[in-house]
Amino acid sequence: MSSSASDVRAEPMKTTSPIIETRSHTLLVAPGFPDYEVLDAGDGLKLERLGDVVISRQCAQAFWPRALPEGEWTRAHATHFRTDNGPGAWTTTRKVRPAWPIRCGDLHFEMRLTEFGHIGMFAEQQVQWGDITARLLEKPESRVLNLFAYTGGSTLAAGLGKARVTHVDAVKGVVSWARANATATGLEAAPIRWIVDDAPTFVAREVRREVRYDGIILDPPTFGRAPTGAVWKIESDLVPMLANCERLLSDDPGFVLLSAHTPGVTAATLENLLGPLLEKRGGRLEAGEMVHRVTASKSVIPAGVYCRWTPR
Ligand SMILES: C[S@@+](CC[C@H](N)C(=O)[O-])C[C@H]1O[C@@H](n2cnc3c(N)ncnc32)[C@H](O)[C@@H]1O
């Protein structure tokens, strides 16, 4: 008997891993905080307020029309535009201090307008920081490894969770910035190791030293560089590094949190990376999208994906 389209029935999806149980992904909405909000987004741009400074930056995903009139957008103190083969540049129309403080709950950050249009904080991670602190407070003195740790948002969150944190980033100036944020947060005496190193090289060294961690956080960029200049590429370098990260987990780990901001890398991609690696440990995977609430439109804009493994 020949089959027709009507014979084709939807089957429950079979996955490579029994612990990939997520059939619907979570939408984690970062609502902003008194010192940070996304005011509007559209026409390939987003308008943000960082304390009393308003900036506009490119945002390729926001290709719907803007909600606010042009007059509101021209309030921006600074606007960043990327170029095809360079970091791009900020244009300032009102005076901006070289650095200024902002606060997300108990976490304190210094803001700066840096090349590539960065500001010293990935505010969508707000939705992870509270969870990191709360989990760790249940198991104080956990050993936590934070890779690609930038200015330390997750390091501060883990520090407030009374963890012993190892913070790793390839850029010395960024690690100094993270230390300054830790001091501003009141964590200057906290047990945090500040490491300037290539993340995969450091992880391989920790495997050889038989070091173990109870929690691992990683937010790998699409493209990066080791202090030696060696190139990091997410599509070729993440898989071997994750295998080594699994070897670093203690016998009683609390969590692994992987996030990404690479176009084409979805929540399902992250599940496919973590699921098979961690299935022998059982537990649970939660994956989804991180988004910012947009004040003007009450809509949201995409800001990356995450996958969190926790033991049952
Ligand atoms: C996407 S940011 C991480 C954001 C951070 N998780 C947060 O929420 O604040 C990427 C970071 O990876 C660092 N990086 C790039 N290549 C690296 C490498 N090979 N080893 C270690 N860090 C690297 C960059 O210096 C940058 O700070």
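Points to keep in mind about this one:
- Close pairs (6 angstrom Cβ cut-off, 6 or more residues apart or separate chains): part of a loop (DSSP other than H, G, I, E, B) in the range 163-174, more than 10 Å from the ligand (Cβ to nearest atom) and at pLDDT 95 or above anywhere: 163/136; 163/142; 163/144
- Single residue of 188, 141, 124 found to be near the ligand (Cβ under 10 Å from one of its atoms), at pLDDT 95 or above and among the charged types (D, E, K, R): 124
- Filter result (buried (at least 17 other Cβ atoms within 10 Å of the Cβ), β-branched (Val, Ile, Thr) and touching a Gly at 6+ places or on another chain (Cβ under 7 Å)) within the range 24-56: 38
- Flag if residue 115 is under 20 Å from residue 310 (Cα atoms), surrounded by fewer than 21 Cβ atoms within 10 Å (Cβ to Cβ) and of a type in the set (Asp, Glu): no
- Scanning the range 205-219 for residues that are in contact (Cβ under 8 Å) with a residue 24 or more places away in the chain and more than 12 Å from the ligand (Cβ to nearest atom) yields 206, 207, 211, 212, 213, 214, 215, 216.
- All conditions in (1) part of a loop (DSSP other than H, G, I, E, B); (2) surrounded by fewer than 19 Cβ atoms within 10 Å (Cβ to Cβ); (3) touching a residue at least 24 places away in the same chain (Cβ under 8 Å) hold for residue 141, with the sole exception of (3).
- For the range 229-273, residues that are of a type in the set (Phe, Trp, Tyr) and away from the ligand (no atom under 14 Å from the Cβ) total 1.
- Matching residues in the range 153-177 - criterion: being more than 23 Å from residue 234 (Cα to Cα) and surrounded by fewer than 23 Cβ atoms within 10 Å (Cβ to Cβ): 160, 162, 164, 176, 177
The values are calculated or read from the model by the stated rules, or taken from the named source; none is laboratory data. Only a predicted model underlies this, so the values are computations on that prediction, with no experimental measurement involved. Neighbour counts are summed over all protein chains in view; Cβ atoms, including those assigned to glycine, are modelled from backbone coordinates with ideal geometry.
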